[in-house]
1. Fewest first, what order do H153, H104 take by the number of other Cβ atoms within 10 Å?
2. Let me know the Kirkwood hydrodynamic radius for the range 209-330, please, with Cα pairs as the basis and the value in Å to one decimal.
3. Could you please report the charge total around E288, scoring K, R as +1 and D, E as -1 over all other residues with beta-carbon less than 15 angstrom from its beta-carbon?
4. Have a look at S88, C32, A21 and report the one farthest towards the positive end of the charge dipole of the range 2-131, computed about the Cα centre with Cβ charges (Lys/Arg +1, Asp/Glu -1).
5. Place a +1 charge on the Cβ of each Lys and Arg in the chain and a -1 charge on the Cβ of each Asp and Glu, then give the dipole magnitude about the Cα centre in debye, rounded to the nearest 20.
6. Roughly how far apart, in whole Å, are the Cα centres of the range 1-48 and the range 78-125?
7. Can you give the Rg and Dmax of the range 1-87 based on its C-alpha atoms, in angstrom?
8. Considering only V271, A218, Y293, whose Cα is most displaced toward the positive end of the charge dipole of the range 209-330, charges sitting on Cβ of Lys, Arg (+1) and Asp, Glu (-1)?
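Any read-out appearing in this document is the output of simple, stated calculations on the displayed coordinates, not a laboratory observation. For clarity, every value in this text was computed on a predicted model and none was experimentally measured. Cβ placement follows ideal geometry from the backbone for every residue including glycine, while neighbour counts extend to all protein chains displayed.
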Amino acid sequence: MKFEDFESFEKGLSSTVPVVAIVASDDFERKCAVELLKKHLSVSEFSLRVFHGESLSIEDVLKELESSSLWAERSVVVIMRADKLKQSNIDEIFKYCSRPNPDHCLVLVAEKLLATSKLIKQVDKVGVVLRIPVEKAWQKEKTLVTAMVRQAHEAGKALDMAAAQSIVKQVGVDGTLAEKELEKIICYVGDKGAITNDDVARVCSSLDTTTIWQLGEAIFRLQGDMALSIGKELLTAGASAVALLAQLRKQIQNEYEVCSILAAGGGPQEVTKAFGYMRGRVLQQHVEMAKNYGLQRFKAALIAVDDTATAVRNTSTDPAVLVEMLLVKLAA
């Protein structure tokens, strides 16, 4: 069976499913799918074994799949980054999937696996395939809001859609960041049963969206001095480097999609279909900026923002310095 969203995936799961493939380009979506599956199968730490595609020993995986669990009726074997598997290991897993052990559930998690691949076709025959399509920015925002409401509910908190949207507005459509912000808010509210907009405002770092828009505009018009000046102003005012990068990435992603539509031969009408708020003068501005910046710059910009975000989280370098270096690069 094949599914393309979490709701139908959860409804279609059987407690006896022997093989599951989870394919999603977004790391947060892959994580959510695995957690949902673990909850559905009532997986404990004793019955879960995790391998990684690029470094696993196929002998160890097969041994695990052929063994009997001492802790639960069924155990779960997860292969993360299954798209990094060697071809010889893929062949072995394909053989296993032709006659899977009913005492186990094998889970293949990947960023990319071709729908036409022999392995995916075999999984579809004997188990379940969840393939999350790449979403447009507004679709991803809607999906993330729904996921956060569900996460809050699982933590025993009521989170209404407006409050969830406020969180996403602060951090952008980075699911990992949104999840961390929600965790902070849950800790903040303590025994309260509901999370309100006021709670979000008190906990989440706030950015002036008008100034952020001006920052993006300066970058897309290649006004380096202006972009650096606005960026420094935001950081000096206390803006979180992580939140700033998340908002900036959202802007770049949107403009990249506009540019992609134009590059494929689409016109302003197609842009408005994808982004309903882009009309009249606003539409004209977005089209001009997309054309001016160009498809290749947008692709490079998304990579550069992600690299900077990783550096902010994992290095001791001053986040403000990293952001300023990025802005100079993006507007060059």
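1. Values: H153 11, H104 22.
Fewest to most other Cβ atoms nearby, the residues stand as H153, H104.
2. 14.8
3. +3
4. Selected residue: S88.
5. Value, rounded to 20: 700 debye.
6. If we compute the Cα centre of each part, the gap is 14 Å.
7. 13.3, 35
8. Selected residue: V271.
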